[in-house]
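Asks: So that we are looking at the same thing, I have put the structure below in structure tokens.
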Amino acid sequence: MINKSGSINYNYIGLQALYERLGNDHPMKALIHSKVMSVKAGINGEAIIEGIFNKYAFPFEYNIMFDLNLSADGKFQIDALFISRHYILMLESKNIIGELSFEREPFCLRRKLESGHVDIFESPEVQLERNLNMLHRWLENRGIQIPLVGAIVLSSTKSEIIKPPENACIMYPSSIPNFIWNQSRKAAFLSTNQLEELSKSILKAHKDYYPYPMCKAWGIDSNDLIKGVRCKVCNKIGMRRVIRTWKCPHCLNQHKDAHILAIKEWFMLVGEEMTNSDCRSFLKIEKSQTATRLLQSMKLKTIGEGKGAKYKMSRKMLNGHKIIYPVIKNSMRS
């Protein structure tokens, strides 16, 4: 039974917004693009694993959770967690194509593409071991003892393993069901009630990962961002305020609520509190009264009054933010 599907990936949304707001000549543009593609690949990989569990079922009690963020002497993230009465299986998803070598001195993942280009990544073997240790401590703190099993899942069949990890099982998604079947179920460490209580405890302990504001997280000066209101039709920034609406000078589309996305982007990228001056600067409008009217229309939390008023956006409002950006291609747009 799937108790928790993958969450909205706020890091992915924030990275897209950051990428779109950086000029092509910005020194961090290429790095942000690379990170967008990496996070996107991870999301796709986790979706493939979730699809396997939607397709297969097992005739014993279990729960499945995806994209968990827990804390035990530090924060750790779990791609997929299979909880049974007999053992807990942690799956570390990797969507990396090319020839893969799991090196040990030092620990790293070496990837070679057909072009001959070589990349070095943090070792998934080390990531898995670290997360298993932290999950063990998390369970131990709650008086729970149960065998922990871990495996690395390569979601792309375009991955060719040249040198496998020495201390971790590695597989493609199609092998997950057989791997589960082959685990011992001779001893039960949890009762049915304990299984359900543990699952509820994990869900309660999970905290969505909020990386905002992105500029602070990435060490980028917010003054480097491209300012203005984005057109929902052509995606270009630079809509102009005209008689209670916004008009795009590029495609001539008009939208009265186009500022809402820009203000949300400001909170994702720049800071937790917005002033009237911040709003005017980011939306590129001149009148203070216009900025006040736009901010108040969004029903943001207001701190203070008059010219010193500051506005805060709740996480609930950011939670409702959908991915509206065009698909970012593997190569950077010019």
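The values are calculated or read from the model by the stated rules, or taken from the named source; none is laboratory data. Keep in mind that what you see is a predicted model, and the values were worked out from it rather than measured. When we count neighbours, we look across all protein chains shown, and the Cβ atoms used for this are built from the backbone with ideal geometry, even at glycine. The accessibility values were calculated without ligands, DNA or RNA, using every heavy atom of the protein model including side chains. Shrake-Rupley method; radii C 1.70, N 1.55, O 1.52, S 1.80 Å.
Asks: Report whether or not SER34 is more than 16 Å from LEU91 (Cα to Cα), out of contact with any strand residue (DSSP E or B) (no Cβ under 6 Å at 6 or more places or on another chain) and at pLDDT below 95.
Replies: Yes, satisfied.
For every residue, the table says whether it meets (1) more than 30 Å from TYR56 (Cα to Cα); (2) modelled with pLDDT of 95 or more.
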site	(1), (2)
LEU190	no, yes
ASP221	yes, yes
LYS247	yes, yes
ASN253	yes, no
ARG280	yes, yes
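Asks: State the number of residues belonging to the stretch 111-151 that are within 19 Å of ASN95 (Cβ to Cβ) and among the aromatic types (Phe, Trp, Tyr).
Replies: Residues that pass the stated criteria total 1.
Asks: Using beta carbons and a limit of 9 Å, which pairs, at least six apart or on different chains, have the first residue in the stretch 55-67 and farther than 16 Å from PHE179 by Cβ and of a type in the set (A, V, I, L, M) and the second one open to solvent by 30 Å² or more (accessible area, probe 1.4 Å) and in a strand (DSSP E or B)?
Replies: From the stretch 55-67, the pairs are MET65/ILE2; MET65/ASN3.
Asks: Kindly establish whether GLY51 is surrounded by 15 or more Cβ atoms within 10 Å (Cβ to Cβ) and modelled with pLDDT of 90 or more. Step through it out loud before you land on a result.
Replies: Details: surrounded by 15 or more Cβ atoms within 10 Å (Cβ to Cβ): no; modelled with pLDDT of 90 or more: yes.
Considered against the rule, which asks whether it is surrounded by 15 or more Cβ atoms within 10 Å (Cβ to Cβ) and modelled with pLDDT of 90 or more, GLY51 comes out as no.
Asks: Okay, next question. Cβ-Cβ distance below 7 Å, separation of 6 or more or different chains: which pairs start in the stretch 230-249 with a residue that is farther than 17 Å from SER281 by Cα and in a loop (DSSP other than H, G, I, E, B) and end on one that is open to solvent by 50 Å² or more (accessible area, probe 1.4 Å) and of a type in the set (Lys, Arg)?
Replies: Once the first residue is farther than 17 Å from SER281 by Cα and in a loop (DSSP other than H, G, I, E, B) and sits in the stretch 230-249, its partners that are open to solvent by 50 Å² or more (accessible area, probe 1.4 Å) and of a type in the set (Lys, Arg) give ARG244/LYS256; CYS248/LYS236; PRO249/ARG240.
Asks: Follow-up. Looking at LEU261, LEU190, which one is assigned to a loop (DSSP other than H, G, I, E, B), among the hydrophobic types (A, V, I, L, M, F, W, C) and open to solvent by less than 30 Å² (accessible area, probe 1.4 Å)? Step through it out loud before you land on a result.
Replies: On the way: LEU261 fails: assigned to a loop (DSSP other than H, G, I, E, B).
When all the criteria are applied, what remains is LEU190.
Asks: Identify, please: which residue in the stretch 193-220 is among the polar types (S, T, N, Q) and either assigned to a loop (DSSP other than H, G, I, E, B) or open to solvent by 70 Å² or more (accessible area, probe 1.4 Å) (or both) and is, among those, nearest to ILE32 (Cα to Cα)?
Replies: So the residue we want is GLN194.
Asks: Could you tell me which residue of the stretch 162-181 is nearest to the chain's Cα centre (by Cα), considering only residues that are touching a residue at least 24 places away in the same chain (Cβ under 8 Å) and loosely packed, with under 15 Cβ neighbours inside 10 Å?
Replies: Looking at residues that are touching a residue at least 24 places away in the same chain (Cβ under 8 Å) and loosely packed, with under 15 Cβ neighbours inside 10 Å, I get SER174.
Asks: Go through GLU272, GLU286 for me and flag whichever is in a loop (DSSP other than H, G, I, E, B), open to solvent by 20 Å² or more (accessible area, probe 1.4 Å) and in contact with a strand residue (DSSP E or B) (Cβ under 7 Å, 6 or more places away or on another chain).
Replies: Sole residue among the options that is in a loop (DSSP other than H, G, I, E, B), open to solvent by 20 Å² or more (accessible area, probe 1.4 Å) and in contact with a strand residue (DSSP E or B) (Cβ under 7 Å, 6 or more places away or on another chain): GLU272.
Asks: Give the residue that is farthest from SER201 (Cα to Cα), with candidates limited to residues of the stretch 134-145 that are without any contact (Cβ under 8 Å) to a residue 60 or more places away in the chain and more than 27 Å from the chain's Cα centre (by Cα).
Replies: The extreme case among them is GLN145.
Matching residues to (1) open to solvent by 70 Å² or more (accessible area, probe 1.4 Å); (2) touching a Cys at 6+ places or on another chain (Cβ under 9 Å):
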site	(1), (2)
ASP79	no, no
SER84	no, no
ILE88	no, no
ILE96	no, no
ARG104	no, no
PHE107	yes, no
LEU113	no, no
GLY116	no, no
GLU122	yes, yes
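Asks: Of the residues in the stretch 182-209, how many are touching a residue at least 12 places away in the same chain (Cβ under 8 Å) and under 30 Å from LEU15 (Cα atoms)?
Replies: The number of residues fulfilling the criteria is 7.
Asks: Now for a different question. Just to check your reading of the model, which residue among LEU31, LEU18, LEU91 is within 26 Å of PRO165 (Cα to Cα) and among the hydrophobic types (A, V, I, L, M, F, W, C)? Even if it seems obvious, please write down each step before you answer.
Replies: On the way: LEU31 fails: within 26 Å of PRO165 (Cα to Cα); LEU18 fails: within 26 Å of PRO165 (Cα to Cα).
Going through LEU31, LEU18, LEU91 in turn, just one is within 26 Å of PRO165 (Cα to Cα) and among the hydrophobic types (A, V, I, L, M, F, W, C): LEU91.
Asks: Go through the stretch 293-315 and give me each residue that's surrounded by 18 or more Cβ atoms within 10 Å (Cβ to Cβ) and assigned to a helix (DSSP H, G or I).
Replies: LEU294, LEU295
Asks: Which pairs turn up if I take residues in the stretch 293-310 that are within 18 Å of THR245 (Cα to Cα) and look for partners that are open to solvent by 50 Å² or more (accessible area, probe 1.4 Å) with beta carbon separation below 7 Å, at least 6 apart in sequence or on another chain?
Replies: Close Cβ pairs satisfying both conditions: MET298/ILE260.
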